[in-house]
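The values are calculated or read from the model by the stated rules, or taken from the named source; none is laboratory data. Keep in mind it's a predicted model, so treat the numbers as computed, not measured. Don't worry about glycine lacking a Cβ; one is built from the backbone with ideal geometry, like all the others, and counts go over all protein chains shown.
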Amino acid sequence: LPLLHDAHHRLTPIQAARLGKDLEPYRPFWLEDCTPAENQEALRLVRRHTTTPLAIGEVLNTVYDYQALITEQLIDYVRSAVTHFGGVTPLRKLFDFAAQYQIKSAVHGPEDISPVGMAAAVHLDLAVHNFGIQEYSGHTPLTEEVFRHAYTFTEGYLHPGDAPGIGVELDEELAAAHPYKAAYLPVNRLGDGTVHDW
Ligand SMILES: [Mg+2]
């Protein structure tokens with residue numbers, strides 16, 4: 001099975017270039033978010049040094065964020081989520097734009113993308129010709145109960161099911177019985193205690 005490595009924007013451009021080059025013999029599926037997505041200059045340097053496929057975009061929200069990345073063919077996969085990109089239509093347009101440059105889709109799918117967002121992603125994946133891969137991390141049993149969905153995940157493959165629409169029913173009574181509790185991402189600190197982007 002191919003490996004996918006996520007560097008979470010932590011590498012410097014030259015570290016990312018070297019990692020991509022060192023990983024080439026192992027043919028990884030991709031190197032994700034190797035450098036900060038906001039500094040797109042960095043990817044020009046990485047690209048010059050490695051043929052390891054690059055994926056980026058889970059923190060990007062508009063097609064304009066991708067303009068240089070796509071037209072200069074600095075990436076191989078676009079990673080935005082339906083829920084962060086303004087919905088199905090804008091993301092569909094992004095995928096069509098990317099397709100002109102042989103760049104594929106790879107919709108972001110962590111647990112905090114609800115089953116509604118996941119169902120929308122699975123349907124969109126089926127509608128585009130440059131589908132690449134779909135991230136999926138599943139949800140807690142309670143989330144699965146509140147959001148009854150038609151899509152299924154079996155042995156690495158998602159199936160949309162055959163329910164109408166995107167196939168998700170929200171059980172409002174069950175949801176009301178479990179009030180929202182605030183939750184935060186971990187605070188990351190360096191060895192000297194400095195707060196650091198995680
Ligand atoms: Mg990621």
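Regarding Leu31, is this residue in contact (Cβ under 8 Å) with a residue 24 or more places away in the chain, more than 13 Å from the chain's Cα centre (by Cα), surrounded by 14 or more Cβ atoms within 10 Å (Cβ to Cβ) and not in a helix (DSSP H, G or I)? Write out each step before concluding.
Details: in contact (Cβ under 8 Å) with a residue 24 or more places away in the chain: yes; more than 13 Å from the chain's Cα centre (by Cα): no; surrounded by 14 or more Cβ atoms within 10 Å (Cβ to Cβ): yes; not in a helix (DSSP H, G or I): yes.
No: the conditions fail for Leu31.
Out of (1) within 16 Å of the ligand (Cβ to nearest atom); (2) more than 18 Å from Phe85 (Cα to Cα); (3) modelled with pLDDT of 95 or more; (4) of a type outside the set (A, V, I, L, M), what's the single condition that is false for Asp162?
Every listed condition holds for Asp162 apart from (1).
I'd like the residue in segment 64-100 that is buried (at least 17 other Cβ atoms within 10 Å of the Cβ) and closer than 14 Å to Pro53 by Cα and, out of all such residues, is nearest to the ligand (Cβ to nearest atom).
Only one residue tops the list, namely Arg79.
Which of the residues spanning segment 6-50 are under 24 Å from Gly109 (Cβ atoms) and of a type in the set (D, E, K, R)?
Of everything in segment 6-50, those that are under 24 Å from Gly109 (Cβ atoms) and of a type in the set (D, E, K, R) turn out to be Asp6, Arg10, Arg27, Glu32, Asp33, Glu38.
For the structure I just gave you, tell me whether Asn61 is more than 16 Å from the ligand (Cβ to nearest atom) and within 23 Å of Leu91 (Cα to Cα). Please lay out each step first, then the result.
Values: more than 16 Å from the ligand (Cβ to nearest atom): no; within 23 Å of Leu91 (Cα to Cα): yes.
The answer is no for Asn61.
Looking at Ala121, Ala37 in this structure, which one is modelled with pLDDT of 95 or more, within 15 Å of the ligand (Cβ to nearest atom) and either in contact with a strand residue (DSSP E or B) (Cβ under 9 Å, 6 or more places away or on another chain) or assigned to a helix (DSSP H, G or I) (or both)? Break it down stepwise before answering.
Details: Ala37 fails: modelled with pLDDT of 95 or more.
After applying the criteria, what remains is Ala121.
Check off (1) among the hydrophobic types (A, V, I, L, M, F, W, C); (2) within 15 Å of the ligand (Cβ to nearest atom); (3) in contact with a helix residue (DSSP H, G or I) (Cβ under 6 Å, 6 or more places away or on another chain) for Ala7 and give me the number that stays unchecked.
(3)
Which one of the conditions (1) closer than 20 Å to His108 by Cα; (2) more than 17 Å from the chain's Cα centre (by Cα) does Pro53 fail to meet, given that it meets all the rest?
(2)
Where the second residue is among the acidic types (Asp, Glu) and the first is within 13 Å of Pro53 (Cα to Cα) and lies in segment 1-23, which pairs have Cβ atoms under 7 Å and are six or more apart or on separate chains?
Leu4/Glu32; His5/Glu32; Asp6/Glu32; Asp6/Asp33
Six or more apart or on different chains, Cβ atoms under 6 Å: show the pairs whose first residue is in segment 40-55 and without any contact (Cβ under 8 Å) to a residue 60 or more places away in the chain and whose second is surrounded by 15 or more Cβ atoms within 10 Å (Cβ to Cβ) and among the aromatic types (Phe, Trp, Tyr).
Between residues of segment 40-55 that are without any contact (Cβ under 8 Å) to a residue 60 or more places away in the chain and residues that are surrounded by 15 or more Cβ atoms within 10 Å (Cβ to Cβ) and among the aromatic types (Phe, Trp, Tyr), the close pairs are Pro53/Trp30; Ala55/Trp30; Ala55/Tyr77.
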